[in-house]
Amino acid sequence: MNYCSECGTKLVMKEKEHEGAHSYCMHCQAYRFPVFYTAVSMIVRNPDHTKILLIQQYGSPHNILVAGYVDKKEQLEEAVIREVKEEIGLSVTELSYNKSEYFPKANTLICNFICTAESEDLRGVSDWEVDKAQWFSEEEILRVVKPNSLAKRFLEAYLHTKKNTDSVS
Ligand SMILES: [Zn+2]
């Protein structure tokens, strides 16, 4: 970050008490921290947790996770519920955090959550935001999800944790 996100002045490095040097705007007389977008992505499970929902969007043939940008002043959890409702038409519960990854191409921090849909009913899927929505079993999910994608890495982390938890209980 080289310029102030508020006024455009070139930033300088200034000592911040007990914290070392930070970017500082002499004009605003304020420290400036990195600016980026925030999005949520969701591993939506069916009610008995045996299947996961993948979608296709914008004419692409790849299966990905439901995702969307977080609004200003919105909590991550609220964005998860809102986006699944908007795109799939389903209410979700049992939200839990899975993993996050920064996506440089879109300057976006993507926070992945696990949640459970109220049903497997896909009749309410948005026909302008989603081309296709489909449930897949855990056995087939890594084969059908977009290769080398964020979605795939989030799913691998989820399945890895789930396997370890299941074998303990
Ligand atoms: Zn400034």
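With respect to the chain, whose longest principal axis is taken over its alpha-carbon atoms, helix 150-168 is tilted by about 60°. For Thr9, nonlocal amide neighbours, meaning residues 5 or more places apart or on other chains whose placed amide H falls under 5 Å from its own, are Cys4. Peptides 117-128, 63-74 ranked from most to least packed by the mean count of surrounding Cβ atoms within 10 Å: 63-74, 117-128. Near Glu120: Cβ cut-off under 13 Å, other residues only, Lys/Arg at +1 and Asp/Glu at -1. The net charge is 0. How fast does segment 8-48 diffuse by Stokes-Einstein, in µm²/s, taking the Kirkwood radius from C-alpha pairs at 4 °C and 1.567 mPa s? Taking Rh from Cα pairs, D becomes 97 µm²/s. Based on the Kirkwood approach, the hydrodynamic radius assigned to the chain is 17.9 Å, with every pair of different Cα atoms included. Shape verdict for segment 59-155, please, from the Cα gyration tensor: rounded (a/c under 1.5), prolate (a/b greater than b/c) or oblate. Since a/c stays below 1.5, the shape of segment 59-155 is classed as rounded.
We did not get these values from a lab; they are worked out from the coordinates using the rules stated. These figures come from a predicted structure and were not determined experimentally. Quick reminder, even Gly has a Cβ in these numbers, built from the backbone with ideal geometry, and neighbours come from all protein chains shown.
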